[in-house]
Amino acid sequence: MSSWLGAHTSEADLLAVRTGLAEPLAQLRADTGRECPGRTATIIEARMAQMIAGEGGLEPFGELDPGEQVVVALAEQFMLDAHGVDGAQMARLGEHFSPAEQIAIMFQLAFTDGFTKLRRVMGLPVATTTTTTVVAPSPPSSSQPSSSRSSSSQPSSKGDL
Amino acid sequence: MSTVPHLPSAIEGQPAHFGTILAHHPGLATSFGSTYATFWSQGVLDHPTKETTRIRNARITDCGY
């Protein structure tokens with residue numbers, strides 16, 4: 001991920017060049033601090049810092065296709081505040097994924113969200129190797145709706161989910 | 001949060017709800033149903049405690065269940 005300056009930078013460096021960003025950033029911080037419940041404001045602040053510094057990006061995955069972009073946006077909103085996922089966002093998901101795939105995506109989000117919280121609360125370290133074997137469910141039945149995405153964009157090794 | 005389902009029911013003649021929407025993905029529905037049943041019907045934790053956490057989670061997350 002490149003920063004808003006196209007390279008790794010600091011907020012001070014950014015604002016020195018893009019002075020017009022100072023007021024919107026301050027306003028965003030004020031709004032989130034005043035209106036966002038729980039840790040949301042802190043998370044948004046952390047995400048802003050990542051964007052400014054050019055960190056936390058998705059470069060290892062290459063250029064995202066439109067469907068993947070929808071999923072990333074949905075994942076971020078789901079994690080930040082699921083109440084903010086609206087009908088338009090779900091409709092965009094439906095433009096790229098079949099109903100079965102949408103179900104799988106939402107389960108994936110729910111599990112990762114829930115189990116990340118579980119790991120955090122229980123103080124568990126991030127495992128670098130898998131010590132248990134997870135058996136993937138059976139392949140989809142032939143009666144399942146076909147994907148609306150091209151086969152080349154489908155993951156091949158993630159099982160049914 | 002919207003309470004209007006974003007997917008139609010996968011079971012003809014039945015309204016869209018968690019179970020009928022999940023039916024779009026039969027394999028996942030079966031696996032999840034089995035796991036969910038195990039969570040609720042077995043284990044070392046008493047049922048009132050499970051139910052207390054379920055209700056508290058539902059209230060906080062605005063879940064209708």
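The values are calculated or read from the model by the stated rules, or taken from the named source; none is laboratory data. None of these values were measured; they are calculated from a predicted model. Here Cβ is always computed from backbone atoms with ideal geometry, including for glycine, and neighbour counts include all displayed protein chains.
Observations
- Per the conditions (1) of a type outside the set (Lys, Arg); (2) free of Cβ contacts under 8 Å to residues at least 12 places away in the same chain; (3) facing chain A (nearest Cβ under 10 Å), the sole criterion not satisfied by B:GLN14 is (3).
- Every residue from the range B:1-18 that is hydroxyl-bearing (Ser, Thr, Tyr) and surrounded by 14 or more Cβ atoms within 10 Å (Cβ to Cβ): B:SER9
- Residue in the range A:10-32 that is out of contact with any Ser or Thr (no Cβ under 7 Å at 6 or more places or on another chain) and modelled with pLDDT under 75 present: no
- In the range A:95-121, the residues that are hydroxyl-bearing (Ser, Thr, Tyr) form Cβ pairs under 7 Å with partners that are modelled with pLDDT under 90, at six or more places apart or across chains, as follows: A:SER98/A:PRO145; A:SER98/A:SER146; A:SER98/A:SER147; A:SER98/A:SER148.
- One residue from A:PHE61, A:PHE97 being among the aromatic types (Phe, Trp, Tyr) and over 14 Å from the mean Cα position of the chain (by Cα): A:PHE97
- The set of residues in the range B:19-38 being within 14 Å of chain A (Cβ to nearest Cβ) and surrounded by fewer than 11 Cβ atoms within 10 Å (Cβ to Cβ) consists of B:SER34, B:THR35, B:TYR36.
- Considering the range A:78-88, the residues that are crowded, with 16+ Cβ neighbours inside 10 Å and more than 9 Å from chain B (Cβ to nearest Cβ) include one that is farthest from A:PHE61 (Cα to Cα), namely A:ASP81.
- Residues satisfying the stated conditions in the range A:92-143, i.e. of a type in the set (Lys, Arg) and either surrounded by 10 or more Cβ atoms within 10 Å (Cβ to Cβ) or at pLDDT 85 or above (or both): A:ARG92, A:LYS117, A:ARG119
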